Amino acid sequence: MSNSKKSSPNADWDPTQFSVAPQEGKTRFHDLDLRPELMRGIAALGFEYCSPIQAQILPHTLQGHDAIGKAQTGTGKTAAFLITVFNDLLSHDPGSERFLAEPRAVIIAPTRELVMQIAADAKELGAYTGLNTVTLIGGADYQKQLNKVNAKVTDIVVATPGRLIDFMQRQDLFLDRVETLVLDEADRMLDMGFIPQVKRIVRATPHKEDRQTLLFSATFTQDIINLAAQWTYEPVKIEIEPERVATATVDQRVYLVASHERLKVLLNVLRSDEAVSTIVFANRRDQVRNLHEKLRRAGISCGILSGEVTQAKRTKTLQDFKDGRISVLVATDVAGRGIHVDGVSHVVNYNLPEDPEDYVHRIGRTGRAGASGVSISFASEDDAFLLPDIEALLGERLKCVSPPPELMA
Ligand code: AMP
């Protein structure tokens, strides 16, 4: 990037082209007075209106207040804290004295996958901000990560607690200039025994009155409330309730099929007249990729939603699905949680999820807004054993039957 471009990196972008009509009861990103470099990233992602947690938390956090948010994956919490961090860093001049290895914002999360997901979201959302984000995770080459830290001034660090402590111990990273600290999935960090490490990290940052702290957790147990009280200063508290077990409007069918017969049954389901718009879930990214490829080869127009696909592409795919340009989506659980589309007629579980909560999330993609929906789950020799846990969560027995003959043809 040339110097002249760097001084106005967004000179070629016309903000007026990103227009979103005001809508009763909804907050637009336009209403939040965000920096144009950030608005450009939001526009590129195709986000139009704030999700509920964003609409509730951003007016406070953008003013610099601390916040604790009860929210699960799929609510848009990642963008909520990333927008806060980016806008804050862009709005405050860090002064001319910047040193390597002194990040202005630190985001910690319990797992490598989550850290990588946050970093990927940051890359897209912050694509036009000029801010530098570095990812530090265990199980990957330390030296390579150190080289990144030493290559140029680091603005944001996204890390798992253990690897961040390694960097601090070896004096390869210093947290005394941190302006914003984000603790994501605090309850999982607690469950995984990371709290002593997180405490050390928090202690290495400026005092809580001198930094902004955002803490997110899917649950607010007493332990979490106590930690939040220690780490945050006069926080606003936002709670987004998890979705209900929405089984009343979903006709749940479980088909006992051999795993090698699943594709045939799926194709017959998708070709039936009643499957107007369908989301097919599989457990792993590679399964989603393979399935998508097989469906496409079978002439089904379908899109893919998984962590392997950039968010911008996912937003486009989701829009195509909403607008009816494609009628089938193949998704992983994580990507599928962001799908809030009314009028999905069918959900197919190509394999049963290992976490029963995911089953509830999956089938909750249909039967929305008072409409009725159908969920079809394949139970095969390798995953039928997962059914009892799902039934326990639902509090009901699921009737397992052989697929009707027309689906076996
Ligand atoms: P998260 O809860 O952070 O895992 O986000 C769930 C999904 O929703 C992700 O795919 C986000 O990119 C997407 N998302 C977040 N905020 C918005 C928004 N305001 N509009 C549309 N999609 C969003």
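The values are calculated or read from the model by the stated rules, or taken from the named source; none is laboratory data. Remember, it's a predicted structure, so these values are computed and weren't measured experimentally. Backbone-built Cβ (ideal geometry, glycine too); neighbour counts: all protein chains shown. In case anyone asks, the SASA skips ligands and DNA or RNA and just uses the protein heavy atoms, side chains included. Shrake-Rupley method; radii C 1.70, N 1.55, O 1.52, S 1.80 Å.
So, in segment 194-215, of the ones that are within 12 Å of Asp66 (Cβ to Cβ) and in contact (Cβ under 8 Å) with a residue 12 or more places away in the chain, which residue ends up surrounded by the most Cβ atoms within 10 Å (Cβ to Cβ)? Don't jump to the end; show me each part of the working.
Taking segment 194-215 first, the residues within 12 Å of Asp66 (Cβ to Cβ) are 208-215.
Narrowing further to those that are in contact (Cβ under 8 Å) with a residue 12 or more places away in the chain: 208-209, 211-215.
Values: Lys208: 17, Glu209: 8, Arg211: 21, Gln212: 23, Thr213: 21, Leu214: 26, Leu215: 22.
Result: Leu214.
Is there any pair with a first residue in segment 277-288 that is open to solvent by 10 Å² or more (accessible area, probe 1.4 Å) and a second that is part of a strand (DSSP E or B) and not basic (Lys, Arg) whose Cβ atoms are under 8 Å apart and which are 6 or more apart or on different chains, and what are they?
Going by the 8 Å Cβ cut-off, the qualifying pairs are Ser277/Val328; Ser277/His346.
Which is more than 11 Å from the ligand (Cβ to nearest atom) and either assigned by TED's automatic domain parsing to the domain that holds Thr219 or more than 26 Å from Val236 (Cα to Cα) (or both), of Gly25, Gly46? Can you show your working first?
Values: Gly46 fails: more than 11 Å from the ligand (Cβ to nearest atom).
Residue meeting the stated conditions: Gly25.
Being in contact (Cβ under 8 Å) with a residue 40 or more places away in the chain, small (Gly, Ala, Ser) and open to solvent by 30 Å² or more (accessible area, probe 1.4 Å): is that true of Ala159 here? Before you say what the answer is, go through the steps one by one.
On the way: in contact (Cβ under 8 Å) with a residue 40 or more places away in the chain: yes; small (Gly, Ala, Ser): yes; open to solvent by 30 Å² or more (accessible area, probe 1.4 Å): no.
Answer is no for this residue.
Hey, among the residues in segment 64-84 that are among the β-branched types (Val, Ile, Thr), outside any helix (DSSP H, G or I) and within 7 Å of the ligand (Cβ to nearest atom), which one's farthest from Asp187 (Cα to Cα)? Walk me through it before giving the result.
Step one: filter segment 64-84 for residues among the β-branched types (Val, Ile, Thr), giving 68, 73, 75, 78, 83-84.
The next check asks that each one be outside any helix (DSSP H, G or I); those that pass are 68, 73, 75.
If we keep only those that are within 7 Å of the ligand (Cβ to nearest atom) as well, we get 73, 75.
Details: Thr73: 13, Thr75: 16 Å.
Residue satisfying both the conditions and the ranking: Thr75.
Hey, which of the helices (runs of 4 or more DSSP H) in segment 326-409, taking only ones fully inside, have at least 1 residues that are of a type in the set (Lys, Arg) and within 20 Å of Leu270 (Cβ to Cβ)?
Numbers: elements: 333-336, 356-363, 387-394, 405-408.
It comes to 356-363.
Would you say Ala127 is in a loop (DSSP other than H, G, I, E, B), open to solvent by 40 Å² or more (accessible area, probe 1.4 Å), assigned by TED's automatic domain parsing to the domain that holds Glu37 and touching a residue at least 12 places away in the same chain (Cβ under 8 Å)?
Working: in a loop (DSSP other than H, G, I, E, B): yes; open to solvent by 40 Å² or more (accessible area, probe 1.4 Å): yes; assigned by TED's automatic domain parsing to the domain that holds Glu37: yes; touching a residue at least 12 places away in the same chain (Cβ under 8 Å): yes.
Against the criterion (in a loop (DSSP other than H, G, I, E, B), open to solvent by 40 Å² or more (accessible area, probe 1.4 Å), assigned by TED's automatic domain parsing to the domain that holds Glu37 and touching a residue at least 12 places away in the same chain (Cβ under 8 Å)), Ala127 qualifies.
Check segment 190-197 and report whether any residue there is in the same structural domain as Thr78 (by TED's automatic domain parsing), at negative phi and in contact with a strand residue (DSSP E or B) (Cβ under 7 Å, 6 or more places away or on another chain). Reasoning before the result, please.
Of the residues in segment 190-197, the ones in the same structural domain as Thr78 (by TED's automatic domain parsing) are 190-197.
From the residues that got through so far, the ones that are at negative phi too are 190-192, 194-197.
Then keep just the ones that are in contact with a strand residue (DSSP E or B) (Cβ under 7 Å, 6 or more places away or on another chain); that gives none.
No; the residues of segment 190-197 include none that is in the same structural domain as Thr78 (by TED's automatic domain parsing), at negative phi and in contact with a strand residue (DSSP E or B) (Cβ under 7 Å, 6 or more places away or on another chain).
Can you pull out the residues in segment 85-113 that are closer than 14 Å to Asp184 by Cα, modelled with pLDDT of 95 or more and either outside any helix (DSSP H, G or I) or within 13 Å of the ligand (Cβ to nearest atom) (or both)? Don't jump to the end; show me each part of the working.
Pass one, segment 85-113, residues closer than 14 Å to Asp184 by Cα: 85, 105-113.
Imposing the further condition that a residue be modelled with pLDDT of 95 or more reduces the set to 85, 105-109.
Passing the criteria: Ala105, Val106, Ile107, Ile108, Ala109.
Gly76: touching a residue at least 24 places away in the same chain (Cβ under 8 Å) and either under 24 Å from Val236 (Cα atoms) or surrounded by fewer than 17 Cβ atoms within 10 Å (Cβ to Cβ) (or both), yes or no? Quick ask: steps written out before the conclusion?
Working: touching a residue at least 24 places away in the same chain (Cβ under 8 Å): yes; either under 24 Å from Val236 (Cα atoms) or surrounded by fewer than 17 Cβ atoms within 10 Å (Cβ to Cβ) (or both): yes.
Yes; evaluated as a whole, the condition is true for this residue.
Here is a list: Thr310, Thr332. Which entry is within 16 Å of the ligand (Cβ to nearest atom), open to solvent by 30 Å² or more (accessible area, probe 1.4 Å) and either at negative phi or free of Cβ contacts under 8 Å to residues at least 24 places away in the same chain (or both)?
Numbers: Thr332 fails: open to solvent by 30 Å² or more (accessible area, probe 1.4 Å).
Result: Thr310 is the single residue among Thr310, Thr332 that is within 16 Å of the ligand (Cβ to nearest atom), open to solvent by 30 Å² or more (accessible area, probe 1.4 Å) and either at negative phi or free of Cβ contacts under 8 Å to residues at least 24 places away in the same chain (or both).
Would you call Ser380 in contact (Cβ under 8 Å) with a residue 12 or more places away in the chain and either surrounded by 13 or more Cβ atoms within 10 Å (Cβ to Cβ) or within 20 Å of the chain's Cα centre (by Cα) (or both)?
Values: in contact (Cβ under 8 Å) with a residue 12 or more places away in the chain: yes; either surrounded by 13 or more Cβ atoms within 10 Å (Cβ to Cβ) or within 20 Å of the chain's Cα centre (by Cα) (or both): yes.
Considered against the rule, which asks whether it is in contact (Cβ under 8 Å) with a residue 12 or more places away in the chain and either surrounded by 13 or more Cβ atoms within 10 Å (Cβ to Cβ) or within 20 Å of the chain's Cα centre (by Cα) (or both), Ser380 comes out as yes.
In this structure, is Arg177 open to solvent by 20 Å² or more (accessible area, probe 1.4 Å) and touching a residue at least 12 places away in the same chain (Cβ under 8 Å)?
On the way: open to solvent by 20 Å² or more (accessible area, probe 1.4 Å): yes; touching a residue at least 12 places away in the same chain (Cβ under 8 Å): yes.
It is true that Arg177 is open to solvent by 20 Å² or more (accessible area, probe 1.4 Å) and touching a residue at least 12 places away in the same chain (Cβ under 8 Å).
Would you confirm whether or not segment 242-261 contains a residue that is at pLDDT 95 or above, within 16 Å of the ligand (Cβ to nearest atom) and closer than 30 Å to Leu58 by Cβ?
Within segment 242-261, none of the residues are at pLDDT 95 or above, within 16 Å of the ligand (Cβ to nearest atom) and closer than 30 Å to Leu58 by Cβ.
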